[in-house]
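Report on the following structure.
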Amino acid sequence: MAPATGVPEPPTGQGRGAWREFGARLRHWRRRAGLTQAQLGAGIGYDHTAVSKIEHGARRVTPRVADRIDRLLGAGGEVSAACLRAESAELCGVDVFSPALLRPPLPGVTPAGPAPAAPAPARLPDYGLLCPLHGAEGCDVPAAAELAGLHAEFCATWTPTWTPTGTPTGTPTGTAAGPPLDAATAHALTGLLAARLRSGETGDRPGLAAAVERTLHAVLARLAAAPAAQRRPLARLAAEHAHAAGALRMQDGRNATAMACYDRALTWAGLAGDQATQVGTLSDLSILARLDGDPEAALGYAREIDRVAPGLPWAGAMGRISRARAHALTGDVRETVRQIGLARSYLDHVGVEDEADVPWLSIASMRMRVESAAAAALRDLAAAGDDPRLARRALSATETALGLLGPTQLPASRLLFVVRAADCLVCAHDPRAAVELLAPALEATPAAALPALVEHELRGLRDRLAACEPRAAHRLAELVRA
């Protein structure tokens, strides 16, 4: 935390050694670039004495400043990564987190939301979520009769309110930091979160998001003064809940709120060393940027995936396919196709050992993600350039993604793929086949249950059908929001 002057306070405790290591890496790259401390300081707006203190581990820098230094020295992400390691190590050794790190995505205590319609899983990992204590090795979730009580007890330990600066206040009902996060509670919180995400496929997404955010407030209140051993699992819980809230808000078309949730999820995932949530969140941020028609921002988030998870094939595939979708938005056929090829090549290197790092990862699920995004990128290019050949390639990729999705799995994703396949048929100049494919799926889906991403796809399909199948386009107009 910085004093009123804005100068970061010197590191203390376990953090000092981590910042010394950061300073050593900085010094190495500065000398390699042939710069003096004064020259580096001039490049980032610091004087040479400040640079000297940083290199000796006597002064922190923010990740944003570290990123500027990294670019200036051409360090390829090493300085930025060292800064994140130092922050994480310091936070595991101090008594209290900085209030700035504990701001919830939304102020105030969120009213209680509905109970999830879907049952909680019997075991973790589930629905892309890891237990914060046991990770990918797996663990049992308490019986349904215990879940509500464990959740209520955890949330009642503190009744927090939040000051304008984001500092949690309130009266604890337990000890100064609340009771430790026991295994049963960790399993219950994660299992309920999985159930809420699954319910969000067809249920009350705003209410479920409110329930997730209320739990997140309780996690942050506990994290504010947690002992060192509890910080990493609590930070992981915070990251998973913030990411889940963002996903539910994005599905409901609340993009600004989703952005706030994702921003906080990145912070807590970084503190927890949770690369899976970091990559998933950056991928979702890239989607939000595309929905806003901002290909540069979408590309920036996609490139950030390489920085937070360098050298990991599953992350490389996610980053490259996100880049492909961003390039497609600009109409760059050559670069889009190249990035799709790179994403597919990364899949050849994804193995069983990677599943220990990423709970939603399997060869089939990764291939489904890549083929689905490849189909969308190629469809976008086909629509922009009226190119039936690209449309047929997009249709093939969509059919591959559909074939990898089980008949009862992820109904919202299945609907999205069917809509995309119909759009590919329209772009391939076969609108009648598109209408025949689409009609049964839409008849079985009430308009109120359509996720925002499906609505976004339907709007594009509606506009393309208007010229050749006006009756079908009118039906779509009744289903989607303007």
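Each value in this text was obtained by applying a stated rule to the coordinates, not by laboratory testing. All of these numbers come straight from a predicted model, not from anything done at the bench. Reconstructed Cβ throughout: ideal geometry from the backbone, glycine too, with neighbour counts over all protein chains shown.
Things to note:
- Estimated at 0.36 nm per residue, the fully extended path between R32 and I44 surpasses their Cα-Cα distance by 2.6 nm.
- Basic side chains Lys and Arg get +1 at the Cβ, acidic Asp and Glu get -1 at the Cβ, and with that the dipole of the stretch 172-322 about its Cα centre reaches some 300 debye.
- ³J(HN,Hα), Karplus 6.51/-1.76/1.60, whole Hz, each residue of the stretch 310-323, x for Gly, Pro: x, x, 9, x, 5, 5, x, 5, 4, x, 5, 6, 5, 5
- Projected label points at E153 and R64, each 7 Å from Cα along the beta carbon direction, are separated by 4.3 nanometres.
- Segment D292-D140, length gained on full extension (0.36 nm per residue, minus Cα span): 50.7 nm
- The alpha carbons of the stretch 274-381 stretch over 37, 23, 19 Å along the principal axes, in descending order.
- Peptides 330-337, 22-29, 235-242, 60-67 ordered by packing proxy, namely the average of other Cβ atoms within 10 Å per residue, highest first: 235-242, 22-29, 60-67, 330-337.
- For D204, the amide hydrogen comes within under 5 Å of no other amide hydrogen, counting only partners 5 or more places away or on other chains and with H modelled in the peptide plane.
- In a simple Cβ point-charge model (Lys, Arg +1; Asp, Glu -1; nothing else charged), the stretch 274-381 has a dipole of about 400 debye relative to its Cα centre.
- Dipole of the stretch 14-94, positive end: most advanced residue of A38, A18, A50 [Cβ charges, Cα centre]: A38
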